[in-house]
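Every number in this text was worked out from the coordinates using simple rules, so none of it is lab data. Please read these numbers as outputs of a predicted model, since none were measured by experiment. Because the Cβ atoms are built from the backbone with ideal geometry, glycine has one as well, and the counts that use them run over all protein chains shown.
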Amino acid sequence: MDTEPAPERSERPSMTDTRIDKRFAALRAERRAGLVTFVMAGDPDAATFARILEGLPAAGADIIEVGMPFSDPMADGPAIQAAGLRALKAGQTMKKTIAAVKAFRAKDQTTPIVLMGYLNPIYVYPVDAFLNDAKDAGVDGLIIVDAPPEMDDELCLPAVAKGLNFIRLATPTTDAKRLPAVLANTSGFVYYVSITGITGTAAPDAADVHAQVARIKKSTKLPVAVGFGVKSPEQVRAIAKGADAVVVGSILVTTIALSLDKAGQPTGKTVQSVLGIVQALASGLRDGM
Amino acid sequence: MSSPKTRTPNPNSFATGPDERGYFGMFGGRFVAETLMPLILDLEGHYTRAKSDPAFQAQLADLNANYAGRPSPLYFAERMTEHCRKSASEGFGAKIYFKRDELNHTGSHKINNCLGQILLALRMGKTRIIAETGAGQHGVAVATVCAKFDLPCEIYMGATDVERQKPNVFRMHLLGAKINAVTSGAGTLKDAMNEALRDWVTNVKDTYYIIGTAAGPHPYPAMVRDFQSVIGRELRQQMMAAEGRLPDTLVACIGGGSNAIGLFHPFLDDRTVKIFGVEAGGHGLGVENGHAASMNGGRPGVLHGNRTYLLQDGDGQILEGHSISAGLDYPGVGPEHAWLHDTKRVTYVSSTDKEALAAFQLCTKLEGIIPALEPAHALAYVTKLAPTLPDTDLLVMNLCGRGDKDIFAVADHLGMKI
């Protein structure tokens, strides 16, 4: 027989002690769902973004998603499109995004950071160098909208080999037949997209979402975070009853947009207004539960 | 079993792609959001079955013949040939033919693809159609088939293009389509495609997206190519009838590249046939972000569901590009062209805005045919290439669209008021 032995599972980097795993373990111990906050790197400019990022954990963010701005965000609604364009206009680059994470990580060693975006800026970085730099900066995971399981050899498998969590989106169209493929190389958590649609548009129905989360949980032990369309503390509280974490994004970048002056520059209230919203949203998970 | 003299199948066939994952070499694939993946896999299944279903093929052939008006004529452009021979040495100056796809119903090759895809949408039980359009030729073709098959239709079109292609916008209105003017980005074709994808991801259950060019996630590039290949298949027969042999040289313009791949594909394994694709050179390839020549002025990247050559900056942000022609004003190109470029089977060149404008007027005056600005780019290159070829060379240019839609824009560029 000249068939090669199958690679041992134990040879893969252990995922049991990533920051994301530890954070979900801590949330379970606190018997509450987590708040995942999305902000766009470099929005509205690099300096203001650094202050927002630094303030998020104290405001109540359990996990931080950092958007990597892209000129053509095909799955995003107007709010996040605008945030990406603001960041690009202010001169944001992938190197600056990674540097921002590194600066954050020097002060905070426990709050997980997940980079979220589209494949092209990573592809041209290119992939290997990106994974090295991201890991080195203290990035914990990746969510790449246009890298489905069929394309796993492009980024997912190399990322997992580097010890980064690759977090997959499951959607209402991810049926029972497809779910195993979506879960196969996913780690950290599963991101359930609560609507078919783009970010920040229709509001999800909490009962529907709970049923879908329950369906996914039958197939995986991973925590499930729910996002897309969650905007108010009431929604956060309702969704959280049937999920391990709730993701908010459009409401935060909209708050940033509303705080800017007529020239699109940050004002004295920019940082505080977005952190204030995060506090309000987080309170929905910490009281009355 | 095999004798030493058995030849292995030609490993360099250019006509067998893509592979089962949708790759042409390293190009293609399916880089889409998870929401769309089940639908795209479903579409691939339906298309695979339809392709080998004689009933589907018969219905499509009937529509092509009796609704679209195929086959389109192969026309010997005698005065254009004479014109190019004037500047050629003795014994040079190719014999120039036009493949007249501008004579199709709706005025361009776009109808070939739309008829195929609307039949597929019906087979899949979809009840709503969306599409993107640049010059409006694809939008008009989509609106046309939606009128014929009684399906609601929404067209995404960049606001800049809505302005410079008013006649087509009005046609789409008349045909019953809803036009959504897209203001994000530069308001051109790529922005329209982003917005169409956002609609699709939102309405995935009942909506079919008729992509207009041979790009996007697998199986679109192969499917659109197959529907457009009727152009090249007809040409083989027509040239055999006219000249008793295959053509020597093929020329077509390239935006996403659907008319070109339709002309080229049936000839890819005929190695004696020289093939040229003409990109939009805009203000010139040396002008940053001033052209739409993704292969001659771009690098590989991932956008709109496929890996291909893209106009982009060093950080992977997509550039808008520029062309006088709304139909070529796109920062990417179909993945099969990207592969044919890398393998050098096809030579990709470019024509500038000015050259296309000159060719537009030349064709109109010499042949009495007003070409669209898109094929005017191909024609501009023909006027340079033909004089360098022997006078026995049979050159075919795909005249893929008519220029009625462009007369206002051209008048503007020439400083005339209509």
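Here chain B is scanned for GluC sites (Glu not before Pro) in DSSP loops (not H, G, I, E, B) that have at most 14 other Cβ atoms within 10 Å, and the longest stretch holding none of them is B:91-287. For residue B:282, the residues 5 or more places off, or on other chains, whose built amide H falls under 5 Å of its own are B:292, B:324, B:353.
Is there a quick way to get the dipole size of chain A? I mean about its Cα centre, with the Cβ of Lys and Arg at +1 and of Asp and Glu at -1; what is the value in debye to the nearest 20? Provide the component values of the computation, followed by the final result.
On the way: 31 positive and 31 negative charges, 195 e Å.
Dipole magnitude for chain A comes out near 940 debye.
Taking chain A as a Gaussian network of alpha-carbon nodes connected by springs under 10 Å, the highest mean-square fluctuation of the residues A:196, A:97, A:111 belongs to A:196.
Any idea what the dipole of chain B comes to, in debye rounded to 20, about its Cα centre with Lys/Arg Cβ at +1 and Asp/Glu Cβ at -1?
Its charge dipole is roughly 760 debye.
Residues in segment A:66-74 carry Karplus couplings, in order, of 10, x, 9, x, 9, 5, 10, x, 5 Hz; the curve used is 6.51 cos²θ - 1.76 cosθ + 1.60 with θ = phi - 60°, and Gly or Pro positions show x. The simple Förster model, with R0 at 56 Å and r as the Cβ-Cβ distance, assigns residue A:129 and residue B:417 a FRET efficiency of 0.50.
Annotation: amide H of residue B:180 within the under-5 Å range of B:155, B:156, B:157, sequence separation 5 or more or interchain, hydrogens built in the peptide plane.
Distance between the 7 Å Cα→Cβ label points at residue A:220 and residue B:76: 6.6 nm.
A Förster radius of 41 Å, combined with the Cβ-Cβ distance separating residue B:166 from residue B:384, puts the computed FRET efficiency at roughly 0.80.
How charged is the neighbourhood of residue B:151? Take every other residue with its Cβ under 14 Å from the Cβ of residue B:151, and add Lys/Arg as +1 and Asp/Glu as -1.
Working: positive: B:123, B:126, B:128, B:148, B:178; negative: B:150, B:154, B:206.
Residues near residue B:151 contribute +2 overall.
Contact order, relative form, for segment A:32-283: 23 percent (alpha carbon pairs under 8 Å, 6 or more residues apart, mean separation divided by residue count). Around the Cα centre of the protein assembly as shown, unit charges on the Cβ atoms of Lys, Arg, Asp and Glu (plus for the first two, minus for the last two) sum to a dipole of about 740 debye. Comparing B:109, B:341, B:173 in a Gaussian network model of chain B, where Cα atoms under 10 Å apart are tied by springs, the biggest mean-square fluctuation is seen for B:173.
I need B:342, A:128 ordered by Cβ neighbour count within 10 Å, fewest first.
A:128, B:342
Note on residue B:42 and residue B:206: their simple-model spin labels are 1.4 nm apart, each label 7 Å out from Cα toward Cβ.
Of B:360, B:170, the sequence from fewest to most neighbouring Cβ atoms within 10 angstrom is B:170, B:360. Residues B:119, B:366 in ascending order of nearby Cβ atoms (within 10 Å, fewest first): B:366, B:119. Counting only DSSP beta bridges whose two residues both lie in the protein assembly as shown, roughly 20 percent are antiparallel. From the residues A:124, A:155, A:187, which one has its Cα farthest along the dipole of segment A:32-283 in the positive direction, the dipole being from +1 and -1 charges on Cβ of Lys/Arg and Asp/Glu about the Cα centre? With unit charges placed on the Cβ atoms, the residue in question is A:187. Segment A:215-289 and segment B:325-384 have Cα centres separated by 50 Å. Across chain A, the longest piece that holds none of the trypsin sites (Lys or Arg not before Pro) lying in DSSP loops with up to 10 other C-beta atoms within 10 Å covers A:32-176.
Put a dot 7 Å past the Cα of residue A:210, heading toward its Cβ, do the same for residue A:161, and the two dots end up 4.4 nm apart. Among A:211, A:225, A:83, which one shows the highest mean-square fluctuation when chain A is modelled as a Gaussian network with alpha-carbon springs under 10 Å? The residue that fluctuates most here is A:211.
Does segment B:1-140 come out rounded, prolate or oblate by the C-alpha gyration tensor, with a ≥ b ≥ c the root eigenvalues, rounded set by a/c under 1.5 and, if not, prolate when a/b is larger than b/c and oblate if not? Here segment B:1-140 falls in the oblate category. Each Cα pair under 8 Å and six or more residues apart adds its sequence gap; the mean of these over the residue count of segment A:222-276 is a relative contact order of 30 percent. Taking every DSSP bridge with both residues inside chain B, close to 35 percent are antiparallel.
Per-residue Karplus couplings for segment B:41-53, computed as 6.51 cos²θ - 1.76 cosθ + 1.60 with θ equal to phi - 60°, are listed in order as 5, 5, 4, 4, x, 4, 5, 4, 5, 4, 4, 9, 9 Hz, Gly and Pro entered as x. For a test of the definition: using alpha carbon positions, the gyration tensor, and the 1.5 limit on a/c, classify segment A:32-283 as rounded, prolate or oblate. It is oblate, given that a/c is not under 1.5 and a/b is not larger than b/c.
Which is farthest toward the positive dipole end of the protein assembly as shown among A:164, A:233, A:78, measuring Cα position about the Cα centre, with Cβ charges +1 (Lys, Arg) and -1 (Asp, Glu)? Of A:164, A:233, A:78, it is A:233. Compared with the alpha-carbon gap, the fully stretched path from residue B:13 to residue B:343 is longer by 117.7 nm at 0.36 nm per residue. Give me the percent of DSSP beta bridges within segment B:187-342 that run antiparallel, rounded to the nearest 5. Of the beta bridges lying entirely in segment B:187-342, close to 50 percent run antiparallel.
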